Each structure stands twice: as structure tokens, then as C-alpha cells.
Amino acid sequence: MNVRHVVLWLVILVAMIGLFQVFDRKASDERQLVYSDFLAMVEKGQVASVVIRNREIFGQDKDGKHFYTYAPSDDNMVPTLKEAGVRIEAKPETESHLKLILYNWLPLLVLIGVWIFFMRQMQSGGGKALSFGKSRARLMTEQSGQVTFEDVAGVDEAKEELSEIVEFLRDPRRFTRLGGRIPKGVLLMGPPGSGKTLLARAIAGEAGVHFFSISGSDFVEMFVGVGASRVRDLFLQGKKAAPCIIFIDEIDAVGRHRGAGLGGGHDEREQTLNQLLVEMDGFESNEGVILIAATNRPDVLDPALMRPGRFDRQVVVPLPDIGGREKILSVHMRKTPVADDVDTGLLARATPGFSGADLENLVNEAALLAAKADKDKIGMADFEDAKDKISMGLARKSKVFTDEDRRAIAYHEGGHALVARFLPDAHAVNKVTIIPRGRALGVTLLLPDERDLTFREHLAAELAVFLGGRAAEEIVYGKMSTGASSDIKHATEIAQRMVRDWGMSEALGPLSYSHGDEDQIFLGREISRPRDYSEQTAQAIDKEVHDLIMDAFGKARAILSENRDVLDGLADLLIEKETIMGSELDALILTLRSELPVKNRPIPKDAEKAPETP
């Protein structure tokens, strides 16, 4: 709230207090008397003073209380007051009228004046009360953007598409000379943190044209019609500033599928969407206005919004691969002093699945840890600690365990690690620790392979790894604990998806038994949808899920039983060191076995190339 708002509300408060005081004084301090009662008070000597204005008498009694009355034409009133020793004051009739006007009209005039002042302030932009229909888009320039394409890494294809938009705005004839037209809209789609908004900011820094930025939630208000009005105003501003770019972040807040709401189809959000559809490709031309929107939920957008002529291009901004992560880390490390031992390639390999925002957070956390240790530069150890903190949670070193619980946790995590190490289709083991992190009592950190396709063998190995902790408990102690609850939950979810979504059951065949968007019931249309398979099929699904889990559990139990000596040695090593790396696990296996178990090797780069056609 700025100073003008503060002053405005103070004026309103003072006016209201003054008004209440005027009416309160009239109501409490001054009482109206009948003239005969007034004369009786004079005869009893109870009146101290009076003020006479024409026929109005305002008086005060000996107790200090005020009163007023109206006197008839009585020539004996003044002598009577003199005899009673009353102090008499007379004022002309004109002053009486002026005071009457002030008493009766001044508070109302003050309120009207304050209201007019308030209205004019709102209309001139001093507030938001009367500017509901105005767009809240923020205008950005090259200087205010401060981000260019050089600051964006790991999304080369998206940068190329958007660079074409920028080039068109700079030199439109280059693209239109052959009859082509630039896309009217570009939709950036990708998971959270992949860099969609950063790309839009880079466009603002590169385009050299007006750039309006607004969030999808800024269109939605409690008043019907406000969102549509803001859309009209936004495109009106864009037409005046053409050529320009309008960027709508999180467009799914306003562009959701129509008819999916539970409160009826014609609600405020749908009116806003209808207006947006008309503005993007209606009867009126929006020449020179390019709309760029970002969302991480393209599946919930209305089909009319996705057709050519509106969002002509749909640019996918995926999570970065290992090369992209290395480039992103290099971009963020430019602003921080980094030690010579930092290997961005190794960090990129150790952070699979990290988004651009995650990598930025990784560099920031490492900088905070280095600053906490009073270091001048950020070392590789700081990045490792930051990665562990992000991936596994903050270490709870103050947690005290009994020796029995500590050994049970070591066997549990050792079970996960050994099953992952001995199964050729499982992920590689990066680190195993029995230091509590987050809500976990111990963590086994794996390095997932960056696969575009996941085969049934990989999923079966993943199930066995999840159940390795429970299998180790049963082998060593012959009983079960609650420590495997999260593992069992994740394993069951994977097995259910294998059967219901991915058709990986030999008994049921390649059929899907889910609606495909059951995790999106907030769309509304899926809430009351009945199950479209029989009770016998449901029982068959349950049996297949059960069989997958039990097969994986049996596989994990067999591996650990066969390598019980390695499991015992790993548990002893974890109790001694608390944290071991994958290389230390391999060294332990080599001391007890003649060779390491064979793991699936990545495909050589030469083998990935397609054969040349003659």
C-alpha cells in the first residue's frame, strides 16, 4: 500500500469520526425541552446560561447538561431570565442559519467530497476498485528482461523455434515474401522447472519489441465478466503496441477444457476462455501480436485453444539430458566462484531427472554450504552434499538409534543395494547410507539410466530392488518390520500400472484397464465414470499384481540368500562408515567373489547411428 492510499484512508477515517461526534453530541449532550418545562427550570434556578437565536434557545443547566427549546413570541422571557440570574447571549438570525447548515449538511458534504476523491483516484489508476476490467499485464523491455538466449541452456530445439519468432519480428519480409505467415501463438509445454518462463524472459531480452507478461490466474476474478474484459483490454494494448509479444504464464488456469466444471458450463472461467479464443483468431485481425503461453498441464487445455490459427506451434520443453544438464550447470556456475576440482560432467551424470530449476537450486545450496564453512570457493564436496540434501533430504545426525535398530537399518539398505547390484537390468548403485535423511531412516541412492523406453525387465528389476529391504529383514531376522512400508507402496503402484496401464500381463494381454486420466479427476467429467470392466476382470487384475509382487520378492530373496556373506559384510561396513559409495560396494564384492556381477552396458555411440542408405 503506497502513501496515497494511506492518506486517503486517513481522510475517510477522520471524516467518519467527525460525523459520529456530531451526531453523538446531539444525541447525548443536547436534549429538547418543552418551553413550559424550560420556564419551570428558570423559576427553580436550574438554568445557568442561554444562547438566543431568533426563537431558538440553547442552554446549559447548573449541572453542565445542554438542552435546546423553541420559544413563542414572549416579550417577558428576557426579564424572567434576568430575575433568575441567567447569563444571556444573543446571536443574529443569519449566524443561526449558517450554524444550522453546518450542523446538518457539513458531514454529508464531507462524505460526498471524500467519495468523489476516492472515485477519481481509483479511475486514474491510484487503486483497483474501479479497474477490474483493466489488464494487469506488465510491460517488459530489453533492459528489464536482463535474460538472453545465452542464459538458456539444455533446450536447444525450443530455443531454435523461438528464435524464429524473434527473427520474424525483426525482419518480417524475410518470412512473408513467399506467402507464409508467422504463427499467431506458441504454446510452451513441459514439466515444472524445465525453463518455460525463462525462455519467455529470454525472448523479452532478444526481441527488441514490446513484451507484455501476465499470469493466467490474473484473468480470474469473483465478478462475472471481469476476466473477459481483461482479455479484451490486454489485446487492445497489444494492438496499440504492435509488433509485440504477449506472454501468458500458467495458461491452464484459464484455458481448461470447457464443460468440465462441476458448477455448470457457463461460469466466469469459461467466459474468459471464450473471449481469449475470439481474440486469438476471430473476426478482428491481430496482425503483429504474437501470443506465447506456458503450461505444464497441456492435457487439460481446451481443444479449441490448441488448433492451428490459435496456438499454431506447440513447443515441448523437456527435462534436460546429461549434456543439457552439464550446460545448465555451467551457466549457473558462471556467477559463482567454483574450485578447480568441480567436474560438471560428473555432476550432470549424478543428477538424472533434475530440471533446470533443480540444477539452479543445486548450485545455490552448494554455495550456501560453502559459505557456511567459510570457504572462498565452492568445491566438489559441497556439490555432493547439496545433491544429497536435495535428493534424500537433510541429514538428521542427532537421531539416536539402539544398536539393534542400527543393524536392522543396515541390513535393510544393504538388501536394496545388493539386489540392485546383482540384477543386470536394475539401476547402478551410487551411494548407500544409514544416516537418517528426511523421513527415511536410511537411503540407497541409485543412478537411473536415461531411457526413453522402459521395458518389462527393467520394471521387474525395479520391483525386486524395492522389495530387497523386506527380503533382507526376513532372511536375517525371520520377521518383518514397518521400515518397508514406503517400499511396498511404490512397488505396488508400479505393479498396478504394469497390469492396468501398460498391458504387461501375459494373462490379461495388451489391454488397458484404466481411464488414462484417473489422476486428473479435478477435470470433473471423470468423477462419476463407472468402471468399464467386470468383477472377474478386477479379480484377475488383482491376481496379476499379486503375482508380479511375489515374483519380485522371491527374486530378491534368492539373490540375498545366495550372497548372505556379502550382505553381512555390507551391513558391517555400513555400521562402521555409515555411508559408502558404489565403488566401495564393488570392492567388498571383489574381496568375497572372484569377479563382479555383469551389468547391462550402455549402447555404444556408434551403434546408435542409423546405417547409411546407398
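The values are calculated or read from the model by the stated rules, or taken from the named source; none is laboratory data. Every value quoted in this text rests on a predicted model; they were computed, and no experiment measured them. Cβ coordinates were reconstructed from backbone atoms using ideal geometry, including for glycine residues, and neighbour counts include every protein chain displayed. Ligands, DNA and RNA are excluded from the accessible area calculation, which covers all protein heavy atoms including side chains. Shrake-Rupley method; radii C 1.70, N 1.55, O 1.52, S 1.80 Å.
Inspect segment 343-350 for any residue being open to solvent by less than 70 Å² (accessible area, probe 1.4 Å) and either modelled with pLDDT under 85 or aromatic (Phe, Trp, Tyr) (or both) and give the result as yes or no.
Yes.
Could you tell me which residue of segment 80-103 is surrounded by the fewest Cβ atoms within 10 Å (Cβ to Cβ), considering only residues that are among the polar types (S, T, N, Q) and at pLDDT below 65?
Going through the qualifying residues, I end up with Thr94.
Quick one: Thr402 ticks every box in (1) closer than 30 Å to Pro298 by Cβ; (2) open to solvent by 70 Å² or more (accessible area, probe 1.4 Å); (3) polar (S, T, N, Q) except a single one, so which number is it?
It fails just one condition, (1).
What is the one condition in (1) within 24 Å of the chain's Cα centre (by Cα); (2) of a type outside the set (Lys, Arg); (3) at pLDDT below 80 that Gly193 does not satisfy?
Of the numbered conditions (1) within 24 Å of the chain's Cα centre (by Cα); (2) of a type outside the set (Lys, Arg); (3) at pLDDT below 80, the odd one out for Gly193 is (3).
If I go through segment 443-494 residue by residue, how many of them are crowded, with 16+ Cβ neighbours inside 10 Å and at positive phi?
Of the residues in that region, 0 qualify.
Against the definition (without any contact (Cβ under 8 Å) to a residue 40 or more places away in the chain, open to solvent by 10 Å² or more (accessible area, probe 1.4 Å), more than 26 Å from Leu319 (Cα to Cα) and hydrophobic (A, V, I, L, M, F, W, C)), how does Ala373 come out, yes or no?
Here the answer is yes, as Ala373 does meet what is asked.
Could you give me the residue pairs with C-beta distances under 6 Å whose first residue belongs to segment 577-591 and is surrounded by fewer than 13 Cβ atoms within 10 Å (Cβ to Cβ), whose second residue is of a type in the set (Asp, Glu) wherever it lies, and which are 6+ apart or on separate chains?
none
Going by the conditions given, is Lys159 more than 26 Å from Leu277 (Cβ to Cβ), at pLDDT 80 or above and either in a loop (DSSP other than H, G, I, E, B) or open to solvent by 20 Å² or more (accessible area, probe 1.4 Å) (or both)?
Yes; evaluated as a whole, the condition is true for this residue.
Where residues in segment 517-546 are modelled with pLDDT under 80 and surrounded by 15 or more Cβ atoms within 10 Å (Cβ to Cβ), which of them is farthest from the chain's Cα centre (by Cα)?
Glu526
How about segment 300-324: which of its residues are assigned to a helix (DSSP H, G or I) and touching a helix residue (DSSP H, G or I) at 6+ places or on another chain (Cβ under 7 Å)?
Those that are assigned to a helix (DSSP H, G or I) and touching a helix residue (DSSP H, G or I) at 6+ places or on another chain (Cβ under 7 Å): Val300, Ala304, Leu305, Ile322.
May I ask you to list the residues in segment 40-55 that are in a helix (DSSP H, G or I) and in contact (Cβ under 8 Å) with a residue 12 or more places away in the chain?
The answer is Met41, Val42, Glu43.
For segment 451-492, give me each residue that is more than 33 Å from the chain's Cα centre (by Cα) and over 17 Å from Leu423 (Cβ atoms).
Those that are more than 33 Å from the chain's Cα centre (by Cα) and over 17 Å from Leu423 (Cβ atoms): Glu473, Glu474, Val476, Tyr477, Gly478, Lys479, Met480, Ser481, Thr482.
Residue pairs, Cβ under 8 Å, 6 or more apart or interchain, first in segment 56-79 and open to solvent by 100 Å² or more (accessible area, probe 1.4 Å), second part of a helix (DSSP H, G or I) and among the polar types (S, T, N, Q). List them.
none
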